[in-house]
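Peer 1: Sharing a structure, written as structure tokens. Questions coming.
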Amino acid sequence: MLDLRPDIEFKKELERISGAPLNTCMQCGTCSVVCNLSPDVKPFPRKEMVYAGWGMSDKLIGNPDVWLCHQCGDCSTHCPRGVNPADVLSATRQLTYRKYAMPLFMGKLLGKPGLLPIAILIPVLIIAGIIFAAGTLKIPEGPVNYSLFFPHAWLNASFSVITLLSYLLACFGFGRFWKDMNIHHSGTGPKMGLFRSFWGVKNDIFAHSRFKKCEENSSRKVSHFLVFYGFILLLLVTIFAIYAAITEKYPLALTNPFKIMGNLSSLMLFTGLGIMIYNRIVAKPGSERSTYTDWLLLGSMFLLTASGVIVEMARFLDWSLAYYLYFFHLVCVWFVIIYLPYTKFGHIIYRTIAMTYAFSGRRK
Amino acid sequence: MTKNIGIYICSGCQIGNSIDTNKLCDRMSGELNPVVMHSHKALCSPDGVNLIQKDIAEKNIDACLVAACGTGVKDDAFRFDNGVLTERVNIRELVAWSMDPLCEDTDMAADDYLRMGFAGLDSTSITTPFILDEISEEILVVGGGVSGLSAAIEGAEAGYRIHLIEKNERLGGWASKWKKQIPFDEPFEDLIDPVVTDLIKRVEENELITVYLKSGIEKIDGQPGEFVVKLNGSSIKVGSIVTAAGWRPYKPDSKDFYGLGVIPNVITSVELEEKVSAGKLPKVESVLFIQCAGSRDLEHLSYCSSICCGISLKQAKYYRDEHPDAIIYILYKDIRTIGFLEEFYKEVQDDPNIIFIKGEFETIQQTGDSVEVIVQDKLLGEQLTLNVEQVVLATGMVPNGTDDLKLGYRLGEGLPELKYEFPDSHFICFPYETRRTGIYAAGTVRAPMDIPSSMDDAGGAMLKAIQTIEASKRGEAVHPRSGDQSYPELYLERCTDCKRCTEECPFGTYDETSSGTPVVYPNRCRRCGICVGSCPERVISFADYSINIISEKIKAVNIPDEFDEKPRVLVFVCENDAMPALEMAAREKLSINPYVRVISVRCLGSINRVWISDALSHGFDGILQIGCKPGDNYQCHFIHGSELTEQRSEIMEETLSTMMLEPERIMTKFVEITDYKGIIDHIDEYMEEIELIGPNPFKDI
């Protein structure tokens, strides 16, 4: 028995983000039929479209199926009513980041374009404050040496602490997400251990095997693959760099294998992000809709990569603007890494959780 | 009266490839002995028509037998001046195109069709139309709602004097009780003011329209062209009638109907509309509209009223305009928004506060001030609980009966009702037509419909009413035998007052004297000939369609003797659907068995048992009757001709048993007009059966 209590504000927000006229869906089921990712039993996105039309936020947020969708857009292309189910699910995911944000205002801060200046101001002020506290808040003289501007120890320590704090808080949100999935979708609830379930979806994540089934946006698999591994490699390089900084072997020489790996991964990121941005700019009308959340992540990642490369070059070429660029780069790092649970980047967590949950309920 | 008959055979349209028409001329001119006999390579060409006209002028030909294509093709070319009869023999489809070329059986078929045509022509007489001395060109419109008002305006604007009667104190009907109306033109966003106000004004201003308020009909007598209507003690004469008696909301008998009358928060859509008009719409947070409440439901109305979905969408807007946060639930089986209603539906869909649920109602109960409704959702297969402050039941439309017409017909005061109690004569092909010629139904009395459709419908019905008056001036039939000037003529000396004709005529053409003798009103007649088939005494005939004419055709067929092993089967084919299907089969190059001889009849119901006994005693091995499909989804153009054939099969079996023949020697089959393959199959299967039964023992006698 389902108690129908429509959340009209939620429905309006879904319509606003997705641009989909939800009442127009005539429940023909074409979306579920053309979707290669949808399970055979209780397939999505058809039932999600019913819940959306009824403004049933509980049934949409905290629904693992929403995350089994990889937004290929096959459903939207074939939708005879132009309701674009892919965008409705995408909008639902955006509202998920917002709902489980911990603290709550972080979700709003990064979900609304009007609040972007504040979102920028926060890292600018905090980073400047840390540098001030380190006593180095002035442009150093002589050849470019970033540690003179922001001592490595201060940088690594402060950023690690803030990142961990952000993720720790976010974990409460992830926990609520898991709980909601259990309440509203108990039928697909866990039937096996967490680790075994995660092991079951590793190929979906690391080999992008679900992405392969997309028809409409087949190039997405390539670009996502490049960005995914580019980012992982960079993460490894960064960890090594922190280690190198502690053991006083920093900065690394250009011939250092880790440095080479770092530069290679920047190239991967550039290529992948370039394809993604290009696809969104030249997108055919009626295909996948690009929203603020999409652009925020793509933009900050692109700027992060670009500023990283420029900052590196500035060091070798001894540019006078190097320290300003470095500061900008650090703000980008903040946006991508520290804001992660509250932006679209959070999907790496939510999607992994939801896919694991679905797998544990033997939902394939 | 002997006729000067000329026979004209066409070899065009590849007829000549199958039949050697010169040889056919040689064979038949000796046997039939006509005044002239010609073969021509294209009889419908100016040269061919001239040939006939020259003979008419020079050789006093007064009856032409045209053996070429059949009736319905080139009719204008072969219609000659008054006084000259024409009989068409379809040797193109029935012989040349459907039988093996240039062979003995094909020649025999062509010969027989010529013999049949000749015999029929010889016994046919010239038709003199029945025209009333005095024909009223005024039209009665019954009912002053949207349909009646529109019909009156249409008729008056076409120049006819209209008498509009309304039983209430003022014009307008239901539509004048609504506050707003669904838009039926761009833009579809906002509800519009009811158009009926304007219609009333136009009627009141029109000098050709006389309005009778608070009036009822006392009696209607007569026939198209001269209906006498008794009204308020006086009487008026009209040529035709449009009835727009309208509808009433469905009221269930049962107590247990969605909590109606038990839970105060449950009202019907009409009750809601009355509240809105009175300015008493309560401001509520949540409303549930239950669609198909008592519609598409075998316990209540089994049909869809087609308007309730639109009405609920409109009423949802009433509530939304009253309260910006109100949530409206619409529980539906299917949203049926016909025509431009779909545009309005799309507009309403844009409102996120309207929640559509496809499902079935299960239970309802009052919980404090609100109502709890449990619904089985059809899309997710889940049970839903809804808590709302108001429930509105979208109940359907029921037609107001037509007994108020008080027809002085032997068959009853009202119009005969067919499916779902709507007066209709043929819902597919002839809208507006009722089973009383000259009386047409418009608007919701004949089918549930919305305001714009009623207005269109009124125009259509009014045109039919005008057409009837004009046809009666020429003494012609209206649909479906439009233009037919023949009419039933009764040889009453032989009548036994058995009342079969007065009962079986689907159109109430016959009244009776007190002793039971039929009184015929020719203008009520649709010329189906069912009375010809019904009369055991062979009293009724048309000038060009009678027992004698068909009997002569039957007897003209040459029956080969038993040892030739060439059976003969007579096929009566209804001209409405079966004959076109058979011709279509020939055009599609299907073969017709060369042993059958086809006679086209006006309706299967017009087949008289005399023809059966004549055919069997003449030596036909079997008789196949093929007509339109009977039943509720009827195809029969004369409503129950096909059904009558089934009912009469007992009499036919009796005829067979008195002749000591097998009952299988008569068979009845039904086809749709498009089923041209089926009609060939029916013939082939029957031929196989006849082969098994063997030859008719009467052959040699």
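The values are calculated or read from the model by the stated rules, or taken from the named source; none is laboratory data. Note that the coordinates shown come from a computational prediction; the quantities given were computed from them, not determined experimentally. Glycine gets a Cβ as well: all are built from the backbone with ideal geometry, and neighbour counts include every protein chain shown.
Peer 1: Every residue in segment A:210-241 that is among the small types (G, A, S) and at pLDDT below 90, please.
Peer 2: A:S218, A:S219, A:A241, listed by residue number.
Peer 1: Same structure again: Being touching a strand residue (DSSP E or B) at 6+ places or on another chain (Cβ under 8 Å) and surrounded by fewer than 21 Cβ atoms within 10 Å (Cβ to Cβ) is the filter here; which residues of segment B:526-543 pass it?
Peer 2: Hit for segment B:526-543 is B:A543, nothing else.
Peer 1: Looking at this structure, is A:L164 in the same structural domain as A:V124 (by TED's automatic domain parsing), in contact (Cβ under 8 Å) with a residue 24 or more places away in the chain and among the aliphatic types (A, V, I, L, M)?
Peer 2: no
Peer 1: Please go through (1) farther than 21 Å from B:R526 by Cα; (2) surrounded by 15 or more Cβ atoms within 10 Å (Cβ to Cβ) for B:P630 and return the number of the only condition it doesn't satisfy.
Peer 2: (1)
Peer 1: Is it the case that segment A:135-146 has a residue that's assigned to a helix (DSSP H, G or I), more than 19 Å from A:T356 (Cα to Cα) and modelled with pLDDT under 95?
Peer 2: yes
Peer 1: So, one more: Right, B:L393: of a type in the set (A, V, I, L, M, F, W, C) and buried (at least 22 other Cβ atoms within 10 Å of the Cβ) or not?
Peer 2: Here the answer is yes, as B:L393 does meet what is asked.
Peer 1: Can you find, within segment A:37-54, the residue that is nearest to A:E9 (Cα to Cα) among those that are outside any helix (DSSP H, G or I) and more than 10 Å from chain B (Cβ to nearest Cβ)?
Peer 2: A:P45
Peer 1: Being within 14 Å of chain A (Cβ to nearest Cβ), on the phi < 0 side of the Ramachandran plot and modelled with pLDDT of 95 or more narrows it down to one residue among B:Q390, B:Q467, B:Q376; which is it?
Peer 2: Every option except B:Q376 fails the conditions.
Peer 1: Further question on the same structure: Read through the list (1) without any contact (Cβ under 8 Å) to a residue 40 or more places away in the chain; (2) on the phi < 0 side of the Ramachandran plot, then give the number of the only condition that B:S312 fails.
Peer 2: For B:S312, the exception is condition (1).
Peer 1: Pick out the one residue from B:I52, B:I7 that is touching a Pro at 6+ places or on another chain (Cβ under 9 Å) and assigned by TED's automatic domain parsing to the domain that holds B:D112.
Peer 2: B:I7
Peer 1: Does B:G529 fit the bill of being touching a Leu at 6+ places or on another chain (Cβ under 7 Å) and outside the structural domain of B:R609 (by TED's automatic domain parsing)?
Peer 2: When the stated conditions are applied, B:G529 does not pass them.
Peer 1: Same structure again: For residues that are assigned to a loop (DSSP other than H, G, I, E, B) and surrounded by fewer than 21 Cβ atoms within 10 Å (Cβ to Cβ), scanning just segment A:7-20, find the one that is nearest to the other protein chains (Cβ to nearest Cβ).
Peer 2: Filtering segment A:7-20 for residues that are assigned to a loop (DSSP other than H, G, I, E, B) and surrounded by fewer than 21 Cβ atoms within 10 Å (Cβ to Cβ), the one nearest to the other protein chains (Cβ to nearest Cβ) comes out as A:D7.
Peer 1: Considering only residues that are polar (S, T, N, Q) and either surrounded by fewer than 21 Cβ atoms within 10 Å (Cβ to Cβ) or not assigned by TED's automatic domain parsing to the domain that holds B:C103 (or both), which ones fall in segment B:10-45?
Peer 2: Across segment B:10-45, the qualifying residues are B:Q14, B:N17, B:N22, B:S29, B:N33, B:S45.
Peer 1: Answer with yes or no whether A:Y243 is surrounded by fewer than 17 Cβ atoms within 10 Å (Cβ to Cβ), in contact with a helix residue (DSSP H, G or I) (Cβ under 7 Å, 6 or more places away or on another chain), in the same structural domain as A:L304 (by TED's automatic domain parsing) and not β-branched (V, I, T).
Peer 2: Here the answer is no, as A:Y243 does not meet what is asked.
Peer 1: Select, from A:Y326, A:Y278, A:Y292, the only residue that is under 19 Å from A:F150 (Cβ atoms) and either at pLDDT 90 or above or surrounded by fewer than 20 Cβ atoms within 10 Å (Cβ to Cβ) (or both).
Peer 2: Step by step, each of A:Y326, A:Y278, A:Y292 is checked, and only A:Y326 is under 19 Å from A:F150 (Cβ atoms) and either at pLDDT 90 or above or surrounded by fewer than 20 Cβ atoms within 10 Å (Cβ to Cβ) (or both).
Peer 1: Does B:I290 satisfy the criteria of being free of Cβ contacts under 8 Å to residues at least 40 places away in the same chain, within 29 Å of A:K47 (Cα to Cα) and either more than 14 Å from chain A (Cβ to nearest Cβ) or β-branched (V, I, T) (or both)?
Peer 2: Judged against the criteria, B:I290 is not a match.
Peer 1: Could I ask something else about it? Just one of the numbered conditions (1) more than 10 Å from every other protein chain (Cβ to nearest Cβ); (2) closer than 21 Å to B:L379 by Cα; (3) part of a helix (DSSP H, G or I) is not true of A:N23; which one?
Peer 2: The failed condition is (1).
Peer 1: Would you confirm whether or not segment B:46-55 contains a residue that is crowded, with 18+ Cβ neighbours inside 10 Å and under 17 Å from B:C13 (Cα atoms)?
Peer 2: yes
Peer 1: Of these, B:G279, B:G310, B:G261, which one is under 25 Å from B:V146 (Cα atoms), away from every other protein chain (no Cβ under 14 Å) and assigned to a loop (DSSP other than H, G, I, E, B)?
Peer 2: The unique qualifying residue is B:G279.
Peer 1: Given the condition within 11 Å of another protein chain (Cβ to nearest Cβ) and outside any helix (DSSP H, G or I), answer yes or no: does some residue in segment A:90-100 qualify?
Peer 2: No, segment A:90-100 contains no residue that is within 11 Å of another protein chain (Cβ to nearest Cβ) and outside any helix (DSSP H, G or I).
Peer 1: Out of everything in segment B:486-499 that is crowded, with 20+ Cβ neighbours inside 10 Å and not small (G, A, S), what residue ends up being farthest from B:N523 (Cα to Cα)?
Peer 2: The extreme case among them is B:P488.
Peer 1: Mind checking whether some residue in segment B:317-326 is within 11 Å of chain A (Cβ to nearest Cβ) and touching a Phe, Trp or Tyr at 6+ places or on another chain (Cβ under 9 Å)?
Peer 2: Within segment B:317-326, one or more residues are within 11 Å of chain A (Cβ to nearest Cβ) and touching a Phe, Trp or Tyr at 6+ places or on another chain (Cβ under 9 Å).
Peer 1: Every residue in segment A:55-84 that is within 14 Å of chain B (Cβ to nearest Cβ), closer than 21 Å to B:K346 by Cα and crowded, with 23+ Cβ neighbours inside 10 Å, please.
Peer 2: Of everything in segment A:55-84, those that are within 14 Å of chain B (Cβ to nearest Cβ), closer than 21 Å to B:K346 by Cα and crowded, with 23+ Cβ neighbours inside 10 Å turn out to be A:G55, A:V83.
Peer 1: Now a separate question. Going through segment B:324-352 one residue at a time, which ones are over 38 Å from the mean Cα position of the chain (by Cα), without any contact (Cβ under 8 Å) to a residue 12 or more places away in the chain and surrounded by fewer than 16 Cβ atoms within 10 Å (Cβ to Cβ)?
Peer 2: Across segment B:324-352, the qualifying residues are B:P324, B:D350.
Peer 1: Go through segment B:332-373 residue by residue and tally those that are more than 8 Å from every other protein chain (Cβ to nearest Cβ), touching a helix residue (DSSP H, G or I) at 6+ places or on another chain (Cβ under 8 Å) and either in a strand (DSSP E or B) or closer than 15 Å to B:N265 by Cβ (or both).
Peer 2: Count: 1.
Peer 1: Give the residue, chosen from B:Y303, B:Y319, that is of a type outside the set (A, V, I, L, M), surrounded by 19 or more Cβ atoms within 10 Å (Cβ to Cβ), in the same structural domain as B:L393 (by TED's automatic domain parsing) and touching a residue at least 24 places away in the same chain (Cβ under 8 Å).
Peer 2: It is B:Y319.
Peer 1: It is to be established whether one or more residues within segment A:199-222 are within 30 Å of A:L148 (Cβ to Cβ) and in a helix (DSSP H, G or I).
Peer 2: no
Peer 1: Among the residues of segment B:176-198, is any more than 22 Å from B:P399 (Cα to Cα), at pLDDT below 95 and under 30 Å from the mean Cα position of the chain (by Cα)?
Peer 2: yes
Peer 1: Keeping to segment B:56-100, report how many residues are among the polar types (S, T, N, Q) and either crowded, with 18+ Cβ neighbours inside 10 Å or in contact with a Phe, Trp or Tyr (Cβ under 7 Å, 6 or more places away or on another chain) (or both).
Peer 2: Qualifying residue count for the region: 3.
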